[in-house]
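Below: the structure, in C-alpha cells.
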Amino acid sequence: MTLKETSTDRNNNLDFIRFLAALLVILCHAYPISRGQEYTDLLGRLTNGQMHFGNLAVCIFFLYGGFLIAKSAERLKTAGAYFKARVLRVFPCLIAVTFILTFLAGPCLTTLSAGTYFSQKGAYQYLLNSVMILTHNLPGVFEGNIYGQTVNGPLWTLPVEFLCYIMCFLVWKTGFLNEKRMKWTIPFFAAGYIGLKIILGTNVLLASALRPVGLFYAGMLYYVYRGKIKLSREAALLCSAALVFFTWRGFLDVVVFIFLPYVLLYLGYGTRHKLSNFAKHGEVSYGVYLCGWPIQQTICMLFGGQMIPVVNFLLTLPFAICGGYLLHRFVEQPAARIHK
C-alpha cells in the first residue's frame, strides 16, 4: 500500500500519536521544571543530548503538520481561506490560555497583592503572547521555583509553526507543490538549513527551531510524493534500527530527516489496526500542549519550588488533559464552526 492510498480518509492513528506526543512534552518538561534547567529526561541522557522527549514530540507535530498543511493548501487554494483556517486553528486557544493566565491564574499565584499585580505593566505585556510575541514572565509568579519564572515555555514553537505555514503556502502558490517541481526545492532548502545552522552556531534557542522546520518540510515532501512511497512494517523497522544506530554514533542531526519521517508516517497511516476513533470525543493534544507547562510550574510551586520529576508528571496529567478537553469543547469547536 502506498502512502497516498492509506491517507485518503481519516482512518489513521494521528490523533492518538499526537496525544502521546503532548504527554511526552509534559514528561520532558517535568525534569527541568522540578530539578533545574540542567536536568533532562531519559531520552536526552540516552542520546547524549541529541534529542529529548520534548524535541521528539515537536518533531512529530511538525512532520504531521507539514503533511496535512500541504494537503490543506491544495484543497483551500486561496490565501484567504488557507490563512483563515490556520488562524482559527492556532489563535483561539492561545488567546484563551493567555488571558486565563494573565487575569485568573496570575493574581492567584503571584506573591504580590492583587492591586500591585495589576499595577505592573508586565501583567499586560504578557498578553502579547496572544499574537505570538513571546513574553515569559508575570509579576511575582513562580518566583521561588527552581526553573525560574517562565510561565509557559512551549509557546516558542508557535511562531516557528506559523512561519512554516507561510513557507508551505508560498511553495504551493509558486507552483512547486507537485511531483515535477518539488524536487528542485530540496537543494535550496538543504543549503539554507546548513547555512543557518552554521550562522546560528552556539545560539541554542534559535538553532533548536531548525529541526522542527526541517521535519515540517519533510512532511511536505512526503505529501507531494505520497503516491510513490510504499509503507511496510519491514521498512519501518529498518528505518528505526538505522535511526538508533546513527544516533548512537552521534549523527542524529543528519539522519533524523532521513529515517524518522518514514517511521512516523508508517505509524500514522501504515499499521494494520488503527485507532481512528481515539479522538471521537475531542482532539485535545493542542490544548494539553498549551496547558501543561503552567500546570507543572504551579504544582512545583505548591511543593516548595522543586520536587521529584515523575511525581510532577503524574500529578500534571489529569489537569492538563482536563484543560485540553475544556479548550477543545469551549474554544476549538466554536472556532471550527466559524471556519465552516
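Just so it is clear, none of the values below were taken in a lab; they were calculated from the coordinates. No experiment lies behind these values; they were computed from the predicted model shown. Note that we place each Cβ from the backbone using ideal geometry, even for glycine, and neighbour counts take in every protein chain shown.
What are the trypsin sites (Lys or Arg not before Pro) within segment 144-235 that DSSP puts in a loop, where the Cβ has at most 10 other Cβ atoms within 10 Å? Kindly include the intermediate steps, with their values, before the conclusion.
Working: sites: 173, 180, 181, 183, 197, 226, 228, 230, 233; in loops: 180, 181.
Answer in residue order: 180.
Could you work out the equivalent-ellipsoid semi-axes for segment 127-256, taking the square root of 5 times each eigenvalue of the Cα gyration tensor, largest first, in whole Å? Before the final figure, lay out the partial values.
Values: eigenvalues 215, 92, 45 Å².
Working from the Cα gyration tensor, I get semi-axes of 33, 21, 15 Å.
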Next item on the list: Have a look at 334, 191, 302 and report the one farthest towards the positive end of the charge dipole of segment 3-339, computed about the Cα centre with Cβ charges (Lys/Arg +1, Asp/Glu -1).
Entry: 191
Margin query: Can you tell me the orientation of helix 157-173 relative to the chain, as the angle in degrees between its alpha-carbon axis and the longest Cα principal axis, to the nearest 10?
Written below: 30
Item checked: Residue among 188, 319, 278 with the largest mean-square fluctuation in a Gaussian network model of the chain, springs linking Cα atoms under 10 Å -> 188
Check: Pairs 84/230; 4/183; 4/197: which exceed 25 Å Cα-Cα?
Finding: 84/230; 4/197
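Using the 10 angstrom Cβ neighbour count as an exposure proxy, how do 9, 15, 253 rank, fewest first?
Working: 9 7, 15 20, 253 16.
Result, fewest neighbours first: 9, 253, 15.
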Notebook entry, point to check: Å³ per residue of the Cα convex hull, for the chain?
Noted result: 142
Checklist line | Derived scalar couplings ³J(HN,Hα) [segment 319-324; Karplus, 6.51 cos²θ - 1.76 cosθ + 1.60; whole Hz; x for Gly, Pro] | finding: 5, 5, 5, 4, x, x
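Based on the Cα atoms of segment 1-42, what semi-axes does the equivalent ellipsoid have, where each is the square root of 5 times one gyration tensor eigenvalue, given in whole Å with the largest first?
Values: eigenvalues 247, 18, 6 Å².
They are 35, 10, 5 Å, listed from largest to smallest.
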Next item on the list: Enter the angle in degrees (range 0 to 90, nearest 10) between the Cα long axis of helix 285-302 and the first principal axis of the Cα atoms of the chain, meaning the one along which they spread out most.
Entry: 30
Next item on the list: Report, in debye and to the nearest 20, how large the dipole of segment 3-339 comes out about its Cα centre when Lys and Arg carry +1 and Asp and Glu carry -1 on their Cβ.
Entry: 1160
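Would you work out the charge dipole size for segment 1-157 about its Cα centre, treating the Cβ of every Lys and Arg as +1 and the Cβ of every Asp and Glu as -1, and quote it to the nearest 20 debye? Present the calculation step by step, with values, prior to reporting the outcome.
Numbers: 12 positive and 7 negative charges, 101 e Å.
Using Cβ point charges on Lys, Arg, Asp and Glu, segment 1-157 gives about 480 debye.
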Notebook entry, point to check: Relative to the longest principal Cα axis of the chain, at what angle does helix 14-35 sit, 0 to 90 degrees, rounded to 10?
Noted result: 40
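Can you sort 72, 285, 232, 208 so the residue with the fewest Cβ neighbours within 10 Å comes first? Mind dumping the intermediate values first?
Numbers: 72 21, 285 25, 232 12, 208 15.
So the ranking, lowest neighbour count to highest, is 232, 208, 72, 285.
Using a Förster distance of 25 angstrom, determine the FRET efficiency expected from the C-beta separation of residue 329 and residue 75, and round it to 0.05.
On the way: r = 26 Å, r/R0 = 1.04.
Once the sixth-power term is evaluated, E becomes 0.45.
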Item checked: Ranked list, fewest to most other Cβ atoms within 10 Å of each Cβ, for 170, 326 -> 170, 326
Check: How large is ³J(HN,Hα), in whole Hz, for each residue of segment 48-62 in order, when computed from phi with the Karplus curve 6.51 cos²θ - 1.76 cosθ + 1.60 and θ = phi - 60°, using x for Gly and Pro?
Finding: 6, x, 6, 7, 10, 4, x, 5, 4, 4, 5, 4, 4, 4, 6
